[in-house]
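Worksheet: the structure to be examined is printed underneath.
The values are calculated or read from the model by the stated rules, or taken from the named source; none is laboratory data. Given the structure is predicted, the values throughout are model-derived calculations rather than measurements. Every residue, glycine as well, gets a Cβ built from its backbone with ideal geometry; the counts of neighbours run over all protein chains shown.
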Amino acid sequence: MRITPLYLLASLLLTATLHAQPQKCPADNSTDVPATITGTLEYHPGVYAWYGARPAQPVCGQNVIQLGFDDSTQFRDAHRFVGCTVTVTGNLFQPATGFWSVPLGITDAHLRPVAACKPGQPLPDYSAIPIPASLHRYKVTAAYDPNTETFSAQTTDLASGKPLTPWQTYATDLGNGARDLQRMFCANGFHASDPRDTHNQPDLQANVDPDFPAAIEVAIPETTTVVKLSFTCTRTASPDQ
């Protein structure tokens with residue numbers, strides 16, 4: 001078949017029209033739609049750490065779309081492409097819980113960076129760092145700032161008095177969707193006890209979480225005061241001990 005210039009022009013116009021179709025938007029928070037979004041990848045650290053794609057033009061009225069990944073490995077690996085232009089595929093939806101930070105998100109997100117992207121390093125996997133078998137008890141002195149939603153800690157071996165590093169191997173934090181409750185965790189294989197205020201907050205509510213013995217449950221006050229407390233982590237005895 002002979003391809004005429006007119007046919008070729010029509011084909012190019014059709015292709016351009018198809019590519020120019022706007023992204024369909026979810027009708028409400030109970031629906032989602034397939035999505036392909038191209039934008040700059042951003043990273044927002046903190047207890048509610050998240051990645052966002054910032055397209056050149058708003059999508060469904062939003063300047064940034066939050067990305068949800070299937071597992072922690074994908075989440076850490078995405079950090080390699082922060083600052084790059086990426087194409088994101090997944091399912092676009094309107095989040096209905098406080099675990100999401102913006103009004104529009106993509107679940108099951110998969111990233112494809114542009115060829116010009118120079119990948120960096122993934123986020124470290126602190127849970128993969130081994131804990132010495134000789135460690136039986138350690139102290140966590142933690143701080144949570146509700147203004148920036150950041151968590152930090154110092155961890156100390158109670159037997160030797162020496163600091164334990166990196167502290168992220170020994171202490172983690174997870175907030176609830178309403179952002180008024182934090183769970184501060186010991187490392188796997190340890191249980192938490194003895195929560196104490198270290199910042200002159202006599203009304204601070206902090207207790208061992210009845211559902212998670214490895215965690216301290218902390219009620220976050222409505223004020224913006226930084227919450228500071230300490231607790232002890234003790235190695236859980238194995239059944240045959």
Exercise. Look at L164 and say whether it is surrounded by fewer than 16 Cβ atoms within 10 Å (Cβ to Cβ), closer than 20 Å to F185 by Cβ, touching a Phe, Trp or Tyr at 6+ places or on another chain (Cβ under 7 Å) and assigned by TED's automatic domain parsing to the domain that holds A214.
Key: no
Quiz prompt | Extreme residue, surrounded by the most Cβ atoms within 10 Å (Cβ to Cβ), among residues of the stretch 114-161 that are in contact (Cβ under 8 Å) with a residue 60 or more places away in the chain and among the hydrophobic types (A, V, I, L, M, F, W, C) | solution = V140
Quiz item: Is it true that S134 is under 16 Å from the mean Cα position of the chain (by Cα) and either assigned by TED's automatic domain parsing to the domain that holds V226 or among the polar types (S, T, N, Q) (or both)?
Solution: no
Practice problem: Please identify the pairs in which a residue from the stretch 45-57 that is under 16 Å from P146 (Cα atoms) has its Cβ atom under 8 Å from the Cβ atom of a residue that is buried (at least 16 other Cβ atoms within 10 Å of the Cβ) and charged (D, E, K, R), counting only partners at least 6 apart or on another chain. | Solution: G46/E149; V47/E149; V47/D173; Y48/E149
Quiz item: Regarding A53, is this residue of a type in the set (G, A, S), in contact with a strand residue (DSSP E or B) (Cβ under 7 Å, 6 or more places away or on another chain) and over 15 Å from T36 (Cα atoms)?
Solution: no
Quiz prompt | Residues that are of a type outside the set (A, V, I, L, M, F, W, C) and surrounded by 16 or more Cβ atoms within 10 Å (Cβ to Cβ), drawn from the stretch 78-88 | solution = H79, R80, T85
Self-check item: The one condition in (1) within 30 Å of G161 (Cα to Cα); (2) in a loop (DSSP other than H, G, I, E, B); (3) charged (D, E, K, R) that K118 fails to fulfil
Solution: (1)
Quiz item: Looking at the stretch 32-76, which of its residues are surrounded by 14 or more Cβ atoms within 10 Å (Cβ to Cβ), of a type in the set (S, T, Y) and in contact with an Asp or Glu (Cβ under 9 Å, 6 or more places away or on another chain)?
Solution: Y48, Y51
Quiz prompt | Filter pass, S127 being within 16 Å of the chain's Cα centre (by Cα) and closer than 20 Å to H191 by Cα | solution = yes
Exercise. Identify all residues within the stretch 173-214 that are within 20 Å of S127 (Cα to Cα), part of a strand (DSSP E or B) and in contact (Cβ under 8 Å) with a residue 40 or more places away in the chain; write none if there are none.
Key: D173, L174, G175, Q182, M184, C186, F190, H191, A192
